[in-house]
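A short write-up of the structure that comes next.
The numbers here are math on the coordinates, done by the rules we state, and not lab data. In this text the structure is predicted, and so the values were computed from the model without any measurement. Ideal geometry is used to build each Cβ from the backbone, glycine not excepted, and the neighbour counts take in all protein chains shown.
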Amino acid sequence: MTEYTESSKQIPATSYNVVVAGGGTAGVVAALAAARQGARTALVELKGYTGGIAVEGGTALHSFYNLWKAFPGVQKRQVVKGIPQDIIDRLAAAGGTSGHAEMIAGADYDSVCTAIDTEIYKLVTLTMLEEAGVHLCLNTMLTDAIVEGSHITGVIAESHQGREAMMAHAFVDTTGYGDLAGRAGAEYSEPNDYPVVNSLSLANVDLEAYHDFLTGHGALTQYARGWRDGQEDQIVRLDGRRAALPEGFAKGAEEIGMSMVTTTVHNNYFMFIKINYKMDVSPTDRDAASKAEVELRRRQARAVELFREYVPGCEKAFIARTSPSLTIRRGRLVTCDYDITRDDVLEGRHFDDDIMAYGFHDSAPRLQIKDGGTYGIPYRALRVSGLDNLLAAGMMITSDHDAHMSTRNTVACMGQGQAAGTAAALCALQNRGTRDLDYAVLRQALTEAGVHLEN
Ligand SMILES: Cc1cc2nc3c(=O)[nH]c(=O)nc-3n(C[C@H](O)[C@H](O)[C@H](O)COP(=O)(O)OP(=O)(O)OC[C@H]3O[C@@H](n4cnc5c(N)ncnc54)[C@H](O)[C@@H]3O)c2cc1C
């Protein structure tokens, strides 16, 4: 490889109060929150739609509630509200969610499962962003940051229109990969501690027959019923213990890293059958990620064969969708002012600057939040170290793997997004750095916007 020195050139520049980089799970909520505070907000999203991994890879949204079912006697309560719940309300009105469907089997893993129609999610969130007055910069990639000392003055973005600068007072990195923090010189690492995934959805399948197949083999581990295709009390989530299934299926699934958990809001449709692949290096490595993309698609072809061969009702199944590109559970881990620990999560600790409460752990029932309660995510955990006007939200915070297995979940990311967007807007409108923001003011803005806090 040789090197080339780019020459400088004049490019158009636009000014905003807040720029949110990445319109995925956390970024949609961050941009909505910032705009609803009255900030002139731009959302820079690489793809032509919003939602990120919530619409590309995730099984369902976890979890708006504390884990009351696994802890008899614990009061059932909704712990994430605010904008994440607004989105669910809008989705429900558009026929795009199972609702908060209660788990019948697997209630020690989660008490509810909120399945979504991914296409309706895209339109609903785009509409909400438009209504809030967010400048939507879709099909636009953030490529660089303009930094003076510890202050970001702007970002560089590229679209088919060309290269441009977006200047702002405050910035939120919700790229998942930590692209903005990385370009701005923030400290980060790349733990590469999860497999990458491409999730496929199968059509022409029979959910009831899949349910019977799992129960017939004594393999059913997760089961929820909710709204599906206009009818209440339908199967919307199923998972099974692979080892209990016919040997050919179990062995084939293991070889391709397939997990068979599925959710759906439509008859004849399985969403998000996941094919996992552990890369040797971090998924930020372009060439290694390109190889992984090809390998994942080969494995997906094998996955549909397995379903056709072994699962009743799937004889004529076909792949109706795949993730547009591989999805990650972690890219860059960005260093923030506070790093949420395993004990913070499992002991259910709260902080004097909590911005949300959360009660789900993706390793449940092995790891659960104490007594079916919640822990708090502190504001300082969103402040990117070394920079005075950058907040981070989503999968890029929290170094400890066991803690990350909770903070990276969709609804935790959405809640973080609401706090980061609100804080960025307040900083911009009050001309403050992220460390000079009065927590009492942030807390009041969050509670006025419906955020539930437990301390
Ligand atoms: C396969 C898989 C299954 C999962 N299943 C579940 C589940 O069932 N339930 C659950 O709660 N959690 C699940 N998770 C975890 C959860 O979905 C993610 O941790 C969460 O969605 C991450 O949200 P985020 O906002 O950090 O990132 P994302 O949702 O990925 O959003 C990042 C956004 O930034 C954009 N972007 C990236 N780089 C740039 C750039 N340079 N310029 C502009 N835009 C950019 C991306 O296009 C994307 O839209 C799963 C994760 C994976 C990978």
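Test of understanding: extend the Cα→C-beta vector of Ile146 to 7 Å, then name every residue of the stretch 1-35 with backbone N under 14 Å from that spot.
Under cut-off, by backbone N: 8-17, 19.
State, to one decimal in nm, how far the label point of Ser290 lies from the label point of Asp233, with both points 7 Å from Cα in the Cβ direction.
With each label placed 7 Å out from Cα toward Cβ, I get 5.5 nm.
Check every DSSP H run in the chain and write down those whose alpha carbon atoms cover 20 angstrom or more along the long axis and whose mean Kyte-Doolittle hydropathy is -1.0 or greater.
Within the chain the helices that satisfy the rule are 118-132, 410-430.
Looking at the stretch 1-52, what % of the alpha carbon pairs are farther apart than 18 Å?
47 percent
Under a no-solvent Debye model with one identical scatterer per Cα of the stretch 1-126, what's log10 I(q)/I(0) at q = 0.09, 0.10, 0.16 Å⁻¹?
Each listed q maps to, in turn, -0.37, -0.44, -0.86.
Considering only the other residues whose Cβ falls under 10 Å of the Cβ of Gly450, what net charge follows from Lys and Arg at +1 and Asp and Glu at -1?
-1
Go through 284-297, 316-329, 78-91 and give me the packing order, highest mean Cβ count within 10 Å leading.
Going from most to least packed, we get 78-91, 316-329, 284-297.
Modelling each spin label as a point 7 Å along the Cα-to-Cβ direction, I'd like the Gln75/Arg302 distance in nm, to one decimal.
Using points 7 Å along Cα→Cβ, the separation is 5.1 nm.
Below 8 Å between Cα atoms, with a sequence gap of 6+, how large is the relative contact order for the chain in percent?
For the chain, the relative contact order is 22 percent.
Between Arg435 and Asn139, what is the label-to-label distance in nm when each label sits 7 Å out along the Cα-to-Cβ direction?
Result for the modelled spin labels: 4.2 nm.
Just to confirm a number: summing +1 for Lys and Arg and -1 for Asp and Glu over residues other than Gly23 whose beta-carbon lies under 14 angstrom from that of Gly23, what do you get?
-3
Under 27 Å Cα-Cα from Lys291, which lysines qualify once same-chain neighbours fewer than 8 residues away are excluded?
Lys47, Lys251, Lys274, Lys278
Averaging over all projection directions, find the projected area of the Cα convex hull of the chain and quote it in nm² with one decimal place.
Value for the chain: 21.1 nm².
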